[in-house]
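Structure record follows, encoded as structure tokens.
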Amino acid sequence: MQQAITDNKLSVVADNMALISSTCSSSKDLRNVLSNPIINQQQKLNALLSVFAQVDPMVLNFIRLICDKNRENLLPDMADAFLTLYRTNEGIQKVTVQSAVKVSEHDEQSIKQYIKQKTGAKSIELHTEINPSVIGGLVIKFGDNLLDTSIAAKLRKLKKELNIA
């Protein structure tokens, strides 16, 4: 990360790490190749270099270093750790919102303002997920916080109260 800051490539490297993270999480075959002890280091390196040929040379050197140290199976975790450090450094708060239906643009803006106010973050990286089991309302996760205003949570609470009584 320090080298990326020094070379004024932090946002480019962060975008590349996000690409690596999303590719590794979406490709079971790639994860299997990286964790397979039968496949030798050079084959793994060649696979990674061909999959990520378009990334910045600094990131390619990082991939080569990881493969040289026989740690290629940790690449997705390293990419995620880099992104966490990047967000902290840049004052970006990652927020996940679950709802039963698509969240409106107005509601997204309201959520962003609320999170900025609560955390003091400079910007918000908002990810929305549609989860029918929420039934209604929202489940908002940011940092170590969870705001569950879903109908499903209210029903669970009511059920628990009725079982105790």
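Here, each number is a calculation from the coordinates, and none is a lab measurement. Bear in mind that the values here come from a model prediction, so they are computed numbers and not experimental data. Positions of Cβ are generated from backbone atoms using ideal geometry, with glycine treated the same way; all protein chains shown enter the neighbour counts.
Structure notes:
- R0 of 45 Å, Cβ-Cβ distance R64-K154: FRET efficiency to nearest 0.05: 0.30
- Rg/Rh for the chain (Cα atoms only, Rh after Kirkwood) is 1.09.
- Comparing Q98, I20, N8 along the charge dipole axis of the chain, the residue lying farthest to the positive side is Q98, per the Cβ-charge model.
- Computed lengthening from Q113 to E90, 0.36 nm per intervening residue step minus Cα-Cα distance: 6.5 nm
- Set K118/K154; K116/K160; K9/K69 screened for pairs whose C-alpha atoms are more than 28 Å apart: K116/K160
- Cross-link reach list, aspartates and glutamates versus K122, counting only Cα pairs under 13 Å and skipping chain neighbours closer than eight places: E90
- In the chain, the longest principal axis of the Cα atoms and the axis of helix 75-90 are about 60 degrees apart.
- Student exercise, segment 17-165 dipole from Lys, Arg, Asp, Glu Cβ charges, in Debye to nearest 20: 420
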